[in-house]
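*Asks:* Here it is, the structure, as structure tokens.
The values are calculated or read from the model by the stated rules, or taken from the named source; none is laboratory data. Here the structure is a predicted model, which means the values were calculated and not measured. Cβ placement follows ideal geometry from the backbone for every residue including glycine, while neighbour counts extend to all protein chains displayed.
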Amino acid sequence: MRRYILYRVFGRLSRVFSHFFRFLPAEVAKMIDKRAKNGYNKGKDTGKGAVMQVSGIVCECNPPHAGHLYLMDRARAEGADAVVLVMSGCFTQRGEAAVLSPRVRAQMLLSGGADAVFELPFPFCAAHGEAFGAAGVSLPARLGITDLWFGSECGDLDLLRTAADITASPAFLTAYREKTRAGHGTAFAYADCLREVMGPEAPTSPNDLLALAYLRALGQYGSISPHTVRRTGAGYHDKSLPAGGPPSATALRGLLLREGPDALSPYLSPDSLALLRTECESGRAPADLSRLDPVLLACLRMTPPVTLSKIAGLGGGIGERLAELARTCPDLDSVLRDAGVNCPLSRLRRGLLFALTGVTEADLLAEPAYAVLLAANRTGCRFLAERRHSVTIPIVTKRREVPDTPAALRQLAFSEAAFGLWSLCLPRPAAPSDFLRASAYIGCGGCVGETS
């Protein structure tokens, strides 16, 4: 009874103080008050006065698959009271369009065991590993998450910590810059420098390198404990479907684009498959970046080379080279193919997205100005209630809740631009407002603000 009264009181107080704190929207407070009336506090009991142990996972989930579920299960097995995911928005780190909208992917994750899902916003979700990792760690830290879980090919946290320290050293950074100036590709130069110091055991696979970015960023947040799980099944870039173990997201995306949603039935839960079918039947999936090729090519042809050189990822002569190729090549594939073997395709795609949206390196060095709640269940709502006055970042569910600050308004402008582009990648182009106006999905009760 006492806990019930506290939840009612907290729900009402948040409406009074939300104008001052701007950290938790009034709609969420209203929903928490409603949960109290309906037995909201039923669930895992962490003990009187106990603080929830909350594990965070930074992910792309493009699409959600068994690997994500395994990571959540491991976090729970180690004592997590709640699992909160920070998931990429409508574009991913490789500069690709997410096949499904962020809110649909978040709903899939909720059905698979997540308790709350927040968005890693554009441009951070489409940035290089360092910016992706820094923003991905910043959000959980400011939301009050206690543990961070991530997959890695090596599965050895001590080895990853050693490598993270090495890659942050001035000697390593100097050697890396020298290799890139000598014409080596950035990814090759980075891995080569690490192997020169650590030998063949150096963790240089894709998820290992992302883990290093997380660990370097965690140095700013001593309150979060890192945990890693060894990646099993297909490799990160593997396009084939393995006989044993979960397939990669790359393989699932290829299967979806080639054969449609039913081809993914062996790899998705019934609830997730039903959501995928609905989105595909309505023309809202799968998104494919190739539908933007004419727009991207036009951007390169019409933007002055000096302007392109100031875009994130297009410095060092890359922007000028792309502009020159765009005027002599017939299509975007030819431009990207001829841009040079030392420039990864993912970097070029990211740069093109940033050119269309005006993202600079300074934008990638900033922190997210607010956190977008995409979905939550009862346990996720309990986490939000417990942390409501300790979070150090505003939580929003709708556009009107975005703080009126320069940093927040710039993040909002990037988000609107990103959805404007992503909506053109759909089989049936849609208005970006269809996705920007969507409310957070709250399991066992509909969307925030609904009266169901």
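*Asks:* Does segment 77-92 include one or more residues that are of a type outside the set (S, T, N, Q) and part of a helix (DSSP H, G or I)? Full working, then the answer.
*Replies:* Step one: list which residues in segment 77-92 are of a type outside the set (S, T, N, Q), which gives 77-87, 89-91.
Remaining after also requiring part of a helix (DSSP H, G or I): 77.
Yes, segment 77-92 contains at least one residue that is of a type outside the set (S, T, N, Q) and part of a helix (DSSP H, G or I).
*Asks:* Next question. Where residues in segment 275-289 are surrounded by 14 or more Cβ atoms within 10 Å (Cβ to Cβ) and either among the small types (Gly, Ala, Ser) or in contact with a Gly (Cβ under 8 Å, 6 or more places away or on another chain) (or both), which of them is farthest from Pro63 (Cα to Cα)?
*Replies:* Leu289
*Asks:* If you go through segment 291-298 one residue at a time, do you hit one that is on the phi > 0 side of the Ramachandran plot and not hydrophobic (A, V, I, L, M, F, W, C)?
*Replies:* Looking for residues that are on the phi > 0 side of the Ramachandran plot and not hydrophobic (A, V, I, L, M, F, W, C), one finds none in segment 291-298, hence no.
*Asks:* How do the pairs read when you match residues in segment 287-311 that are in contact (Cβ under 8 Å) with a residue 60 or more places away in the chain with residues anywhere that are of a type outside the set (A, V, I, L, M, F, W, C) and in a helix (DSSP H, G or I), using Cβ under 8 Å and keeping only pairs 6 or more apart or on different chains?
*Replies:* Leu289/Arg349
*Asks:* Ala114 is checked against (1) closer than 30 Å to Pro427 by Cβ; (2) not in a loop (DSSP other than H, G, I, E, B) and fails just one. What number does that condition carry?
*Replies:* The number of the failed condition is (2).
*Asks:* Then there's this: Quick one: would you say Val229 is surrounded by fewer than 16 Cβ atoms within 10 Å (Cβ to Cβ) and at pLDDT 95 or above? Steps first, please.
*Replies:* Values: surrounded by fewer than 16 Cβ atoms within 10 Å (Cβ to Cβ): no; at pLDDT 95 or above: yes.
For Val229, the condition - surrounded by fewer than 16 Cβ atoms within 10 Å (Cβ to Cβ) and at pLDDT 95 or above - is not met.
*Asks:* Of all residues in segment 392-448, which are more than 12 Å from Val372 (Cα to Cα), touching a Phe, Trp or Tyr at 6+ places or on another chain (Cβ under 8 Å) and modelled with pLDDT under 95?
*Replies:* Pro432, Phe435, Cys447, listed by residue number.
*Asks:* Restricting attention to segment 362-393, report how many residues are surrounded by fewer than 20 Cβ atoms within 10 Å (Cβ to Cβ), closer than 18 Å to Asp115 by Cβ and among the small types (Gly, Ala, Ser).
*Replies:* Total meeting the criteria: 1.
*Asks:* Filter segment 394-422 for residues that are surrounded by fewer than 19 Cβ atoms within 10 Å (Cβ to Cβ) and either touching a residue at least 60 places away in the same chain (Cβ under 8 Å) or part of a loop (DSSP other than H, G, I, E, B) (or both) and give the result.
*Replies:* Correct list: Lys398, Val402, Pro403, Asp404, Thr405, Ala417.
*Asks:* Here is a follow-up. Go through the residues of segment 327-336 one by one and say whether even a single one is crowded, with 16+ Cβ neighbours inside 10 Å and of a type in the set (Gly, Ala, Ser). It would help to see each step written out before you state the result.
*Replies:* Looking only at segment 327-336, we keep the residues that are crowded, with 16+ Cβ neighbours inside 10 Å, and these are 329, 332, 335-336.
Next, only the ones that are of a type in the set (Gly, Ala, Ser) stay: none.
No, segment 327-336 contains no residue that is crowded, with 16+ Cβ neighbours inside 10 Å and of a type in the set (Gly, Ala, Ser).
*Asks:* Please work out if Ala355 is of a type outside the set (Lys, Arg), in a helix (DSSP H, G or I), within 21 Å of Leu314 (Cα to Cα) and touching a Cys at 6+ places or on another chain (Cβ under 6 Å).
*Replies:* yes
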